[in-house]
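Taking it in order: structure first as structure tokens, then the write-up.
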Amino acid sequence: MPPEILRGLQLKDLGRYADAENAFREALAQEPNDAFALHQLAACQLHQPQRKREALATIDRAIAKEPNDADHHVLRSYILSVLDRPRDGLAAAQTALSLDPHHAGAFTAEAQAHLQTEQWPRAEQSARQALALDADNSAAANQLAQALRLQNKNTENAAHLAGMLARDPEDPFTHANAGWTALQRGEHRAAETHFREALRLDPDFESARDGLLNSFRARSPIYRNYLRYCFFMQRLSSGARWAVIIGLYFGVKLAGQIPGGDALVALYMLFVLWVWVAKPVGNFFLLFDSFARYALRPREKLEAAAVGGSLGPGLALLIASFAFGWPAVVTLGIGLIAASFPLSMTFTNGSRPGTWLFGTVAAVTLLGAALTALAHLVPLIDQGTARQIFTAGAIGCLAATWLGNVPALRRPAE
């Protein structure tokens, strides 16, 4: 084996992916058709920010050289899953299995694709097949734990996780799984302990960081109940989720026709709107925690400050306007509250068009609300024009709660 590849493998094992990439490129400069070097290069690119698409192109080159190597298709499956293309990832994993029916890694890749397409029973089956071929496959063991949790098989999952932690207490993935399981049971302090340990073992582990933030937010009873709803919906199939949403909608419609039903309608609308701002509002309170705020990324802090700084004063102004009869600030209060929804989809949005769209909607709404409020005090500002700007922004805010479900306009930032 060429010395460049040996050096690259050593650097890769140490987690120095950029340096390992350079070593594999040196090897490829001497032998451009080396599929093994291309495979390792793709693996290094996969582990670097903003390099996933390059990794896919690189592994495709390796497959072009060795189309019958199952390992290449397994890595391609993982890359596609990371790129949020799990159906293509599943096809790649199944291609690997057609080439090598006893490839534990292919079953692991298949399980990952099933998890991302929310096929929990199939993910469990694939993970069990991987473990039957390789009992020490920690990735498959953690996938099994996740599949069991998402099927609400709590007793079996608890026993499985206890065994995993006993065998390897230094596995960050296992601690993260244990953390999410504890969080699902409502044990936010136990969850916090596991997530902290996962991050100690792997400081860049995003799932553990997200879990730790959720465990911090879960100190609030309101957020704990919101999490219960999220976990409940997560366990359902896509069709069942829509059935719940449609059922709630028609239930609320019927409730509005009975005495006292208006209160139920108002609670439902508050819940629907709360779903959009729950996370940034939770992060807003974390900004005042001397420890928890360090777990937030800069964009999350900006989002928390923008949403919390808009929603809080908006509610205060709205209450004050009704309490003291200040009509001039009613629109300003409503505008601040309305703008918090597109603002919650702006700062941590991985879609550039979505970032600009929702940011613009929020800006127009705030401008319209401010002009409308000032028009009561400054005669030079035309009230009609100000109200038109505000109305356009308010309609945009309402539309944002629907457009936020469009993947092309809203997705997690890499």
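The values are calculated or read from the model by the stated rules, or taken from the named source; none is laboratory data. In this text, all values refer to a predicted model and were calculated from it rather than measured experimentally. Cβ: placed from backbone, ideal geometry, glycine included. Neighbour counts: every protein chain shown.
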Pick from the range 47-83, criterion under 20 Å from the mean Cα position of the chain (by Cα) and among the charged types (D, E, K, R), ranking: farthest from His102 (Cα to Cα): Arg51
Residues satisfying the stated conditions in the range 291-325, i.e. at pLDDT 90 or above, within 23 Å of Asp210 (Cα to Cα) and small (Gly, Ala, Ser): Ala304, Ala305, Ala306, Gly308, Gly309
Residues (surrounded by 14 or more Cβ atoms within 10 Å (Cβ to Cβ) and farther than 25 Å from Ala64 by Cβ) located in the range 1-35: Arg7, Leu11, Arg16, Asp19
Those residues of the range 112-150 which are of a type in the set (A, V, I, L, M) and surrounded by fewer than 18 Cβ atoms within 10 Å (Cβ to Cβ), in sequence order: Ala132, Leu133, Ala135
Leu199 vs. criteria touching a residue at least 60 places away in the same chain (Cβ under 8 Å), surrounded by fewer than 23 Cβ atoms within 10 Å (Cβ to Cβ), touching a helix residue (DSSP H, G or I) at 6+ places or on another chain (Cβ under 8 Å) and part of a helix (DSSP H, G or I): no
Failed item, numbered, when Ala135 is tested on (1) assigned to a helix (DSSP H, G or I); (2) more than 23 Å from Gln184 (Cβ to Cβ); (3) among the small types (Gly, Ala, Ser): (1)
Filtered residue count, the range 315-355, keeping only those that are in contact (Cβ under 8 Å) with a residue 24 or more places away in the chain and either surrounded by fewer than 18 Cβ atoms within 10 Å (Cβ to Cβ) or closer than 16 Å to Gly396 by Cβ (or both): 20
Those residues of the range 69-116 which are part of a loop (DSSP other than H, G, I, E, B) and more than 17 Å from Gln40 (Cα to Cα), in sequence order: Leu83, Asp84, Arg85, Asp100, Pro101, His102, His103
Pairs with Cβ under 6 Å, 6+ apart, first in the range 167-190 and more than 17 Å from Asn137 (Cβ to Cβ), second of a type in the set (Gly, Ala, Ser) and not in a helix (DSSP H, G or I): His188/Ala218
